[in-house]
Number of protein chains: 2
Amino acid sequence: MQILITGGGGFLGARLARTLLAQGELSLAGQPRKRIETITLTDRAAPPDDLKNDPRVRVVVGDLNDVLASKQVPAAGTDCVFHLAAAVSGECEADFDLGMRSNFAATHALLEACRALGNKPTVVFSSSVAVFGKRPGFEMPDPIQDDTLPTPQSSYGTQKAIGELMMADYGRKGFIRARSVRLMTVSVRPGRPNGAASSFFSGMIREPLAGVRAQVPVGPEVDHPILSPSRTIAAIIRCAEATDAEWGPLTGLNLPALRCSVGEMAKALERVAGPEATALLDWVPDPNILKLVNTWPGNVKSARANALGLTANADFDEVIREYIRENPQAVKLKVR
Amino acid sequence: MQILITGGGGFLGARLARTLLAQGELSLAGQPRKRIETITLTDRAAPPDDLKNDPRVRVVVGDLNDVLASKQVPAAGTDCVFHLAAAVSGECEADFDLGMRSNFAATHALLEACRALGNKPTVVFSSSVAVFGKRPGFEMPDPIQDDTLPTPQSSYGTQKAIGELMMADYGRKGFIRARSVRLMTVSVRPGRPNGAASSFFSGMIREPLAGVRAQVPVGPEVDHPILSPSRTIAAIIRCAEATDAEWGPLTGLNLPALRCSVGEMAKALERVAGPEATALLDWVPDPNILKLVNTWPGNVKSARANALGLTANADFDEVIREYIRENPQAVKLKVR
């Protein structure tokens, strides 16, 4: 089996690659498990060394539009594509053309390339909870369900919603096997902040645990849907494995979400790492971040994902403890 | 005021142009009425002579992607664009690339060109009830509302749904004033059949009235949402005139629809033109047409359009009598 991961140099892409390489085989859409021969990782930056050095890994560095145009990816015979590459929400809001190129045009070009493969590859598309947005002056359904009308209030969310529609039609036409997966905010991400408006949901935990001050740009009352990295990766793989009957409609599927307020996240941090941790939080509202975050739903239901056996974290303490367990070198405070 | 009509050589585009030229002025989004200086009609074919000969009409013949790329349209200072150009449903299902080029790429290019105008033009986009589709094995909400999740079951409907999402984001960003209008099936269209799967909804009335046999490719039980040409054109203009507050959310708006079964359409034809008319109908199922028509909803509600003062035809007799009144030369049978 040949696999392509776009955004393969990023946190989720690299982690997905490691998980797939460790399990060594994959079942697609209910077919028998097959050995993974090659995973191609494409991204603007090279992946970490452990991946680069794996003989099963092929690395293609470049802008996704460029590596598609030059036909460096997808390789002939690619069985499965995990399309994780994207410009993130804050970037796309600040630079409309960047988002249209990186998310809209690149997703279309990737789907055309998958269609040209001619073998109906499985395509797992990382959509986002940001397809949902509260429109000023209008009610948003509460809770959000899998089949709630997306009314994105960001260019990022719009581009993801358009990607879902393209995926569904390429799937309906039989060009690909379509799996549009709406990621919740992945927290706690290790490493550095990124340009996503949701970046602080990781930073407000990660930085204090490292003994570093962190800004919380929204109020404690803001409600948000969260899923931890390990559950997000397991869910993405489960979506590739799901049979067509298990998967159901070709519309986007909401991943499971822990509904948690920012205040509750801070309380969980204090339970896990004490008041020394929360003393490092600076509650400084940021209008640019608030503008996007305030449009996102807090209460997201995931009936289809639940039917696939996927569940959310039990509480935010579990989310924090997963990060501490997986990133012990990054934790400087004493954990209870 | 300068106006651009894409698809300006077609039935709806030409009729819209005639209506605008006759009224001589237009109010956009609640602003004072202004004199219409120029209407540019662009299409792959030239418009009828009466339009070509009007000194206020400018004609640009060519593929929409080409005339946009060569910057022949939109003219600097364009205040309002009616984007009616599209490849139709049957064509797009038979030729996927044609639909992606004519509907998806051209709509994106047009929106980019409107953004580049820099004056926030009003853009009225002719979306379609075909954004809604019954997915095999899944319930479709009944009735369809303005905010029902589009689940298109045709490439045409997908491309229209994507157009709506682009429109909403270009509108949200302030690049344009966005008016996405979901047309119902326009019946009775004069002239020749076209490649739309819905073409027979006009043909089964138009041809018998002309004394010509017509095929009905679906069963009498098929329910469908219809709006007559005069009401469709009036509604399109009303949508351009609506203030932002009247318009509401930037998502697509369902035009009013008369819910009518094909059997009831035939009965109305018999009431208006006698059994001589219905004797000319050949009920011959066509699997290709059934495949699309069976996915479309019959029962469509239009709360937002109704709030703009727009209403559906009272019954299908009214629809037929509008056609007879407007196209007396095309009617050979005796009308009661």
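The values are calculated or read from the model by the stated rules, or taken from the named source; none is laboratory data. Bear in mind the structure is a predicted one, so any value in this text is a computation, not a measurement. Cβ sites come from the backbone with ideal geometry, for glycine too, and all protein chains shown count toward neighbours.
The table below lists the values:
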read-out	value
Search result, residues across segment A:110-161 that are of a type in the set (Asp, Glu) and over 21 Å from the mean Cα position of the chain (by Cα)	A:112, A:139, A:142
Qualifying position, being more than 9 Å from chain A (Cβ to nearest Cβ) and over 18 Å from residue B:99 (Cβ atoms), among B:168, B:178	B:178
Residue list for segment B:13-40, restricted to those being of a type in the set (A, V, I, L, M) and within 16 Å of residue B:58 (Cβ to Cβ)	B:14, B:16, B:17, B:20, B:21, B:36, B:39
Matching entry among A:279, A:273 (being farther than 21 Å from residue A:130 by Cα, over 18 Å from the mean Cα position of the chain (by Cα), of a type in the set (A, V, I, L, M, F, W, C) and surrounded by 20 or more Cβ atoms within 10 Å (Cβ to Cβ))	A:273
Number of the condition not met by residue B:202 [criteria: (1) in contact (Cβ under 8 Å) with a residue 24 or more places away in the chain; (2) crowded, with 24+ Cβ neighbours inside 10 Å]	(1)
Residues satisfying the stated conditions in segment B:62-105, i.e. more than 14 Å from every other protein chain (Cβ to nearest Cβ) and under 24 Å from residue B:199 (Cβ atoms)	B:63, B:64, B:82, B:83, B:84, B:85, B:86, B:87, B:88, B:90, B:91, B:102
Scan of segment A:177-197 for residues that are in contact with a Leu (Cβ under 6 Å, 6 or more places away or on another chain) and part of a loop (DSSP other than H, G, I, E, B), ordered by number	A:184, A:197
Test: residue in segment A:198-205 that is hydroxyl-bearing (Ser, Thr, Tyr), part of a loop (DSSP other than H, G, I, E, B) and away from chain B (no Cβ under 14 Å)	yes
From B:68, B:4, B:64, B:41, residue being in contact with a Ser or Thr (Cβ under 7 Å, 6 or more places away or on another chain) and over 29 Å from residue B:245 (Cβ atoms)	B:64
Selection from segment A:243-266 of residues that are small (Gly, Ala, Ser) and within 14 Å of chain B (Cβ to nearest Cβ)	A:245, A:248, A:252
Criterion (touching a residue at least 60 places away in the same chain (Cβ under 8 Å), in a loop (DSSP other than H, G, I, E, B), of a type in the set (Gly, Ala, Ser) and out of contact with any strand residue (DSSP E or B) (no Cβ under 9 Å at 6 or more places or on another chain)) met by exactly one of A:137, A:133, A:174	A:133
Residue count, segment B:296-328 (criterion: touching a residue at least 60 places away in the same chain (Cβ under 8 Å), outside any helix (DSSP H, G or I) and hydrophobic (A, V, I, L, M, F, W, C))	5
Test: residue in segment A:134-149 that is closer than 27 Å to residue B:245 by Cα, crowded, with 22+ Cβ neighbours inside 10 Å and within 14 Å of chain B (Cβ to nearest Cβ)	yes
Matching option when the condition is within 19 Å of the chain's Cα centre (by Cα) and not aliphatic (A, V, I, L, M), among B:35, B:58, B:44	B:44
In segment A:3-31, residue nearest to residue A:235 (Cα to Cα) [restricted to those that are surrounded by fewer than 22 Cβ atoms within 10 Å (Cβ to Cβ) and of a type in the set (S, T, N, Q)]	A:19
Test: residue in segment B:106-126 that is within 13 Å of chain A (Cβ to nearest Cβ), among the hydroxyl-bearing types (Ser, Thr, Tyr) and farther than 21 Å from residue B:9 by Cα	no
Residue count for segment B:32-66, restricted to those that are surrounded by fewer than 18 Cβ atoms within 10 Å (Cβ to Cβ), of a type in the set (A, V, I, L, M) and closer than 19 Å to residue B:79 by Cα	1
Hits in segment B:203-233 (condition: small (Gly, Ala, Ser) and under 22 Å from residue B:144 (Cβ atoms))	B:219, B:228
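Residue-wise test of (1) touching a helix residue (DSSP H, G or I) at 6+ places or on another chain (Cβ under 9 Å); (2) closer than 18 Å to residue A:160 by Cα; (3) modelled with pLDDT under 95; (4) among the acidic types (Asp, Glu).
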| residue | (1), (2), (3), (4) |
| --- | --- |
| A:179 | yes, yes, no, no |
| A:193 | yes, no, yes, no |
| A:229 | yes, no, no, no |
| A:240 | no, no, no, no |
| A:246 | yes, no, no, yes |
| A:254 | yes, yes, no, no |
| A:262 | yes, no, no, no |
| A:265 | yes, no, no, no |
